[in-house]
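Peer 1: Let me give you the structure first, and then I'll get to my questions.
The values are calculated or read from the model by the stated rules, or taken from the named source; none is laboratory data. Quick caveat: nothing in here was measured; it's all calculated off a predicted structure. Cβ: placed from backbone, ideal geometry, glycine included. Neighbour counts: every protein chain shown. Heavy atoms of the whole protein, side chains included, go into the accessibility calculation; ligands, DNA and RNA do not. Shrake-Rupley method; radii C 1.70, N 1.55, O 1.52, S 1.80 Å.
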Amino acid sequence: MDEQPSSSKDEDMIESSNGQEAAAFEGSSDMEPYVGMEFETEEAAKVFYDAYATHMGFIMRVDAFRRSLRDGKVVWRRLVCNKEGFRKTRPKRSESRKPRAITREGCKAMIVVKREKSGKWIVTRFIKEHNHSLVVTPANGRRTVLLSQTPDEKDMKIRELTAELQRERKRSAAYQEQLDMVLREMEEHSNHLSRNIDDIVQSVKEIESKRVA
């Protein structure tokens, strides 16, 4: 399968509340990922690893991906700990400015999922170990995690959620455009049928008038 590597650092963090797919993994967040584990969709893999992350005491981040060169669809995805990598160093603006909290620690924990020809997503790599302490919270305790974050982490989370909201708005607009197109086609088809019916009725009237004559 031809693949085109892409990068989406800090692309998204998801909550473990994605409706039916989340419900499918409810109660199994303590299940450890393993190479060969199968998911019906990429979203299902995200939901599972997010639930696993919450259970273990870390926050998941959706990381790099690759697209197929044939159809442009995502065929490979890496899901990592939010402490993966290191923050880029920037020139100091002011000596009096409070240094930002360290939110990246080079953590290697991750899973990699790949879409097979069957359409299912398979775990092809799993690294369990973290290089930092974990904070275990209840299954519904993600709010507690957010409240305990530093201001910088909260700002990052807000930016990520804002970006996700913008993506959802664009997706909704695309769906609305498609729906409008379908409605227009239906209206044109209905008008076409009406014209055909009128033509048939007119033809019948003409035949009947000829018979009477």
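Peer 1: Among (1) farther than 29 Å from residue 57 by Cβ; (2) at pLDDT below 65, which single condition is residue 117 missing?
Peer 2: (2)
Peer 1: Moving on to the next point. Evaluate the range 38-48: report whether one residue or more is assigned to a loop (DSSP other than H, G, I, E, B), under 18 Å from residue 124 (Cα atoms), at pLDDT below 90 and not β-branched (Val, Ile, Thr).
Peer 2: no
Peer 1: Looking only at the range 157-202, which residues are open to solvent by 90 Å² or more (accessible area, probe 1.4 Å) and within 28 Å of residue 60 (Cα to Cα)?
Peer 2: 158, 159, 166, 169, 170, 171, listed by residue number.
Peer 1: Scan the range 60-75 for residues that are closer than 30 Å to residue 133 by Cβ and touching an Asp or Glu at 6+ places or on another chain (Cβ under 6 Å) and jot them down.
Peer 2: Across the range 60-75, the qualifying residues are 60, 62.
Peer 1: Among the residues of the range 96-106, is there at least one that is modelled with pLDDT of 90 or more, among the β-branched types (Val, Ile, Thr) and surrounded by 12 or more Cβ atoms within 10 Å (Cβ to Cβ)?
Peer 2: No, every residue in the range 96-106 fails to be modelled with pLDDT of 90 or more, among the β-branched types (Val, Ile, Thr) and surrounded by 12 or more Cβ atoms within 10 Å (Cβ to Cβ).
Peer 1: Any chance the range 204-213 includes a residue that's open to solvent by less than 70 Å² (accessible area, probe 1.4 Å) and modelled with pLDDT under 85?
Peer 2: yes
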